[in-house]
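The values are calculated or read from the model by the stated rules, or taken from the named source; none is laboratory data. Model, not experiment: these values are computed from the prediction. Quick reminder, even Gly has a Cβ in these numbers, built from the backbone with ideal geometry, and neighbours come from all protein chains shown. All accessible areas refer to the heavy atoms of the entire protein, side chains included, with ligands and DNA or RNA removed. Shrake-Rupley method; radii C 1.70, N 1.55, O 1.52, S 1.80 Å.
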Amino acid sequence: MQIDIKGKINEKKLSFSNTLLPLYEAIVNSIQAIEEDSATKIGIIEIDIVRSKQQTIDSTILPTITDFHIKDNGVGFNAKNYESFNFAHSTYKFEKGGKGIGRFTWLRAFGKAEIESRFFEDNSWNLRKFNFEPTKLGIEKHQLDKVNGTAERYTIVRLKGLKEDYKKWCNNNAEDIALKIIEHCFIYFLNKNCPRILINDLENQIVVNDLFNLFTKGQVKTQKLEIRKNKFTLNTVKLYSTKMDNKIHYCANTREVLDDKISIDIPELDNLLYDKEGKPFSIAIYVEGDFLDKNVNDERTTINFAKGGLEFEDQTTQEELRKAITDKIQTEFVEEIEKLSITRVAKVKEFVSNHPRYRQLLKYKANELKRIPSTLSDEKMELELFKIQQTLELDVKKEASEVLKFINNDEEREKFSQNHQELYSKIIEVGNSKLSEYVIHRKLVLDLFQKLLTEKATEKAVHRLIFPLQTLSDEIGFEDHNLWMIDDKLSYHKYLASDKKFKSIEPVNSNSADRPDVIVFNRPFAFANDNKPYQSIVLVEFKRPMRDDYTDEENPIQQINRYAREIIEGEAKDKHNREFDFRENTPIYAYIICDLTKKLKSYAKDAGFRPLPSGDGFFFFNDNYNMYVEIMSFDKILNDSRERNRVLFDKLNIT
């Protein structure tokens, strides 16, 4: 039976995350060639990185990698090895975990591989050359020649023409590639007979073994782990490199296949740890075992773990293996993890202190808070806290509903009251946290309002603080305006237009270009969706603080009267341009918000307005328009708002 090599290569795609897998396969082949009895005892593997000759615009950026040349002094492509290479799924290296198809990954990422091997066989030196290409036969340009005299034994595999799709996924820094080789071949590096692996890149050379010793400091702890009938070996090492994450590496046949972040089970380990000397390190666990060897796929890109819920004696799930390993880590690194936990919780507490709406999470969702990564920005931190807050509120609602549905009489209510104090507290705390943040928001708004008045801000600045300009109520949320400063009832309205021309206000059919600062149409009940007529209309007109240069045309009282006339005489329509019963004599409430300057006071007196009892405003009822008008000073709004909210400010101690 023959195999179409091109078809075999196209059979599966190499994932971009495994772009360096062809390099790893070539390195492992070199290690195994050196391990053969007839190979040179002192093994050396050299990797030459070949880069694009095209110059980059930024001279600090290295050209992209195009080729890897891997040279070793192993046994070489003698007759047996060459024959094995010619057979897919060859069993020649079965005892070493060889699947016989690793070389196919070469051609999934590279255009071709050129092989050159000088070896000693049948009492003579031989030189074999051939290409491995994505053709039907695969082997191209094969030649075998005798070499006169003694010669050096070597094999060179040139992986040529890294495909464009893979170039951007290939690590471009030689040290990063060295670290990836260490991760993949970690078990080999533990062996004292591990070949010396060198990386040559431009004018620099990296000895990967030295890098391994530098980062591990020779401290590798080996432990045994048993899950039912499956036995595993754990190699735990502290890696003194800031480029490495805390990971569990699942190995099959002495090489890494998969990895898991330890932070999945120990959230604190999303960051580096620190030893007693204050030096940062990460934890790496390399797991070996017959179960992993038997269940790795042919390409060594995944391990077929058992699925959750199955508890056969010879099966293990990835989750239970990871959990068993992280339990050991939790015990072994308890002090370091505790320090990270304190730092993490401290950061969350600091954020919560400025956002009290999340304060109750410290009590009811402490474990969830520990899972928030310590490296998050404030914006992402709030997003995570908001998610946890939502789950807490849902928990409280469910818990309360479950309990309350069983209360049928006064006796049961009294019993509930005695037995569910904790639920009472929980409901109150969850509600109070939101209220606290809203109260603090009100305090800050009033402080800003006072500052605007002191600095004689523009009319638009004052308007914008209370309600955004050029907007409709459908365009903003309940918490995006501060109409409560004028009247708390204004926070709940059916329709509102801010600084819009009458002709663009949907409930009013008018061609007028006049712009009332704020016009509110109220329904009988907050947020009602029925089609009943509007219960009332509210008009608000702002004037610049300290303004006293009004003309008769700009008289705010006349402006309010004109607005009311437009509303009453216009043919009212709903938002969808359908007529509805606009009730005659609908009350109109109008507020003129300004400083009580000399000219404004004269306008008020001429129009028959009466002073408010507090002396900081005027009021009048216009029978013609069924409209109550109140002229309010900025100071009155500020003082009244503070007075209405004083008890809340006092409770939070923010007066």
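With the requirement that a residue be open to solvent by 60 Å² or more (accessible area, probe 1.4 Å), touching a residue at least 12 places away in the same chain (Cβ under 8 Å) and under 22 Å from Glu338 (Cα atoms), what does segment 363-383 give you?
Lys363, Glu368, Lys370, Arg371, Thr375
Being at pLDDT 90 or above and either among the basic types (Lys, Arg) or open to solvent by 30 Å² or more (accessible area, probe 1.4 Å) (or both) is true for just one of Lys192, Lys160. Which residue is that? Can you show your working first?
Working: Lys192 fails: at pLDDT 90 or above.
Sole residue among the options that is at pLDDT 90 or above and either among the basic types (Lys, Arg) or open to solvent by 30 Å² or more (accessible area, probe 1.4 Å) (or both): Lys160.
Taking the criterion of being modelled with pLDDT under 90, among the basic types (Lys, Arg) and under 20 Å from Ile337 (Cβ atoms), would at least one residue in segment 301-313 satisfy it?
no
I need the full set of residues from segment 110-141 which are exposed (fewer than 15 other Cβ atoms within 10 Å of the Cβ) and in contact with a helix residue (DSSP H, G or I) (Cβ under 9 Å, 6 or more places away or on another chain), in order please. Steps first, answer last, please.
Within segment 110-141, the first condition is being exposed (fewer than 15 other Cβ atoms within 10 Å of the Cβ), and the residues that meet it are 122-124, 136-137, 140-141.
Across segment 110-141, the qualifying residues are Asp122, Lys136, Leu137.
Check Leu292 against each of (1) open to solvent by less than 10 Å² (accessible area, probe 1.4 Å); (2) under 24 Å from the mean Cα position of the chain (by Cα) and name the one condition it does not meet.
Every listed condition holds for Leu292 apart from (2).
Evaluate segment 301-317: report whether one residue or more is more than 22 Å from Ile227 (Cα to Cα) and surrounded by 15 or more Cβ atoms within 10 Å (Cβ to Cβ). Steps first, answer last, please.
We begin by selecting, within segment 301-317, every residue more than 22 Å from Ile227 (Cα to Cα); these are 301.
Those left that are additionally surrounded by 15 or more Cβ atoms within 10 Å (Cβ to Cβ): 301.
Yes, segment 301-317 contains a residue that is more than 22 Å from Ile227 (Cα to Cα) and surrounded by 15 or more Cβ atoms within 10 Å (Cβ to Cβ).
Assess whether Ser353 counts as being surrounded by 14 or more Cβ atoms within 10 Å (Cβ to Cβ) and among the polar types (S, T, N, Q).
On the way: surrounded by 14 or more Cβ atoms within 10 Å (Cβ to Cβ): no; among the polar types (S, T, N, Q): yes.
Spelling it out, it is not the case that Ser353 is surrounded by 14 or more Cβ atoms within 10 Å (Cβ to Cβ) and among the polar types (S, T, N, Q).
If I ask for residues that are closer than 12 Å to Asn78 by Cα and hydroxyl-bearing (Ser, Thr, Tyr), which ones from segment 119-142 would you list?
Of everything in segment 119-142, just one residue is closer than 12 Å to Asn78 by Cα and hydroxyl-bearing (Ser, Thr, Tyr), namely Ser124.
Restricting to segment 222-232, and then to whatever is open to solvent by 70 Å² or more (accessible area, probe 1.4 Å) and in contact with a Lys or Arg (Cβ under 9 Å, 6 or more places away or on another chain), can you tell me which residue is farthest from Tyr286 (Cα to Cα)?
In this case the residue turns out to be Lys231.
Step by step: first the residues of segment 608-650, then only those that are in a helix (DSSP H, G or I) and open to solvent by less than 40 Å² (accessible area, probe 1.4 Å), then the one that is farthest from Lys598 (Cα to Cα). Which residue is that? Steps first, please.
Restricting attention to segment 608-650, the residues satisfying the condition of being in a helix (DSSP H, G or I) are 623-625, 634-650.
If we keep only those that are open to solvent by less than 40 Å² (accessible area, probe 1.4 Å) as well, we get 634, 636-638, 641, 645, 649.
On the way: Phe634: 15, Lys636: 17, Ile637: 19, Leu638: 21, Ser641: 25, Asn645: 31, Phe649: 35 Å.
Here the answer is Phe649.
If Glu320 satisfies all but one of (1) under 30 Å from Glu338 (Cβ atoms); (2) touching a helix residue (DSSP H, G or I) at 6+ places or on another chain (Cβ under 9 Å); (3) acidic (Asp, Glu), what's the number of the condition it fails?
For Glu320, the exception is condition (2).
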